[in-house]
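Reading through the structure tokens given below for one structure.
The values are calculated or read from the model by the stated rules, or taken from the named source; none is laboratory data. A quick note: this is a predicted structure, and the numbers were derived from the prediction, not measured. When we count neighbours, we look across all protein chains shown, and the Cβ atoms used for this are built from the backbone with ideal geometry, even at glycine. Only protein heavy atoms, including side chains, enter the accessible area calculation; ligands, DNA and RNA are left aside. Shrake-Rupley method; radii C 1.70, N 1.55, O 1.52, S 1.80 Å.
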Amino acid sequence: RGKRAFIAGVADDNGYGWAIAKSLAAAGAEILLGTWVPALNIFESSLRRGKFDESRVLPDGSLMEITKVYPLDAVFDCPEDVPEDIRTNKRYAGSAKWTVQEVAESVKQDFGSIDIFVHSLANGPEVSKPLLQTSRYGYLQAISASSYSFISLLQHFVPIMNPGGCSISLTYIASERIIPGYGGGMSSAKAALESDTRVLAFEAGRKHKVRVNTISAGPLRSRAAKAIGFIDMMINYSIENAPLQKELSAEEVGNAAAFLASPLASAITGTVLYVDNGLQAMGVGV
Ligand code: NAD
């Protein structure tokens, strides 16, 4: 049978998660999605109404099938963690079983196992504030949504991953180089994510024969990136200064993820793979 993939962090057809889902589907994988609870209704109704049909087209002309969409909020590990104001919030009250533990249990019940786990989500409430002005709350939220969410999801999904399986997350160069504007502790969150990729590669590799890698992606005009406010500048900077002077497409990141998830990458784990037109290799802009 083909492989089964769970992709956490898809709520429209503009981001990296959607593109990764498409590349995996084109390679024959079955697609399960985890969608942030407050974005679930509009995502599912747009899917039903055919709003994404054009962007569901795969290279062979068929449409990507999404087998199931699970509501997910990756900052809550189990029902006991959910505070009253979230539980009773009207954007959450319509959905059930959306904590990390419950989603993994549901996937296990529905399908038994998965082969590929993708983490394509991040959130930092103070991303537009410089680190020097970031509050403790904002910093910890950034780490919770963007870094610990990966640990928690892997913790709960690894037991249902088949040996030889693989997990992939998305990171950004701001973890290791100064990118003014990527604030609120998001740079710190990406540094944690990359470090955790190495440690989790060891632990998940030894215990479950599961590979763990992260893709350091160049700038893309996604919903999340537009919210940060400097995405057009970053795209233009890359086109001007990177070795490959073209706009990066989400599909190029999707294809790299499909490679990492495939047997072609069976010896690759614990790595940060740059898919950024080579920008990370530059020392100065020319
Ligand atoms: P996106 O908006 O498509 O994806 C982010 C997703 O995270 C959204 O669907 C959002 O609903 C979801 N999300 C936020 N908080 C959540 C939570 N608590 N639980 C569950 N889901 C939650 O934007 P994107 O830019 O494609 O982001 C995907 C990944 O790519 C992120 O890790 C991001 O940091 C990374 N990345 C993006 C860029 C870029 O320029 N866009 C560059 C490098 C890395």
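Values computed for the structure shown
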{"item": "Residues that are of a type in the set (Ser, Thr, Tyr) and in contact (Cβ under 8 Å) with a residue 12 or more places away in the chain, drawn from the stretch 56-94", "result": "67, 70, 92"}
{"item": "Residue check for residue 130: open to solvent by 20 Å² or more (accessible area, probe 1.4 Å) and within 12 Å of the ligand (Cβ to nearest atom)", "result": "no"}
{"item": "Every residue from the stretch 1-12 that is assigned to a loop (DSSP other than H, G, I, E, B) and open to solvent by less than 50 Å² (accessible area, probe 1.4 Å)", "result": "2, 9, 10, 11, 12"}
{"item": "Enumeration of residues in the stretch 176-225 that are surrounded by fewer than 20 Cβ atoms within 10 Å (Cβ to Cβ) and away from the ligand (no atom under 14 Å from the Cβ)", "result": "178, 180, 195, 198, 199, 202, 203, 205, 206, 207, 208, 209"}
{"item": "Of all residues making up the stretch 24-60, the number that are of a type in the set (D, E, K, R) and either under 19 Å from residue 5 (Cα atoms) or open to solvent by less than 30 Å² (accessible area, probe 1.4 Å) (or both)", "result": "3"}
{"item": "Pairs where the first residue, in the stretch 34-55, is more than 14 Å from the ligand (Cβ to nearest atom) and the second is not in a helix (DSSP H, G or I), C-beta under 9 Å, 6+ apart", "result": "45/51; 51/13; 53/63; 54/13"}
{"item": "Residue match in the stretch 227-243 (condition: in contact with a Leu (Cβ under 8 Å, 6 or more places away or on another chain), open to solvent by 20 Å² or more (accessible area, probe 1.4 Å) and in a loop (DSSP other than H, G, I, E, B))", "result": "yes"}
{"item": "In the stretch 21-33, the residues that are over 16 Å from the mean Cα position of the chain (by Cα) and either charged (D, E, K, R) or near the ligand (Cβ under 7 Å from one of its atoms) (or both)", "result": "30"}
{"item": "Residue in the stretch 185-207 that is at pLDDT 95 or above and assigned to a loop (DSSP other than H, G, I, E, B) present", "result": "yes"}
{"item": "Conditions (1) out of contact with any Asp or Glu (no Cβ under 8 Å at 6 or more places or on another chain); (2) more than 14 Å from the ligand (Cβ to nearest atom); (3) touching a residue at least 24 places away in the same chain (Cβ under 8 Å); (4) closer than 16 Å to residue 12 by Cβ: number failed by residue 108", "result": "(4)"}
{"item": "Residues that are assigned to a loop (DSSP other than H, G, I, E, B) and more than 13 Å from the ligand (Cβ to nearest atom), drawn from the stretch 68-80", "result": "78"}
{"item": "The stretch 1-20 - residue that is small (Gly, Ala, Ser) and either under 12 Å from residue 68 (Cβ atoms) or touching a Ser or Thr at 6+ places or on another chain (Cβ under 9 Å) (or both) and, of those, farthest from the ligand (Cβ to nearest atom)", "result": "5"}
{"item": "Qualifying residues in the stretch 13-67 (those that are of a type in the set (Asp, Glu) and not in a strand (DSSP E or B)) - the one farthest from residue 91 (Cα to Cα)", "result": "60"}
{"item": "Residue pairs meeting the criteria (Cβ under 7 Å; at least 6 apart or on separate chains; first in contact (Cβ under 8 Å) with a residue 24 or more places away in the chain and under 19 Å from residue 259 (Cβ atoms), in the stretch 158-186; second of a type in the set (Gly, Ala, Ser) and part of a loop (DSSP other than H, G, I, E, B))", "result": "161/113; 162/113; 170/120"}
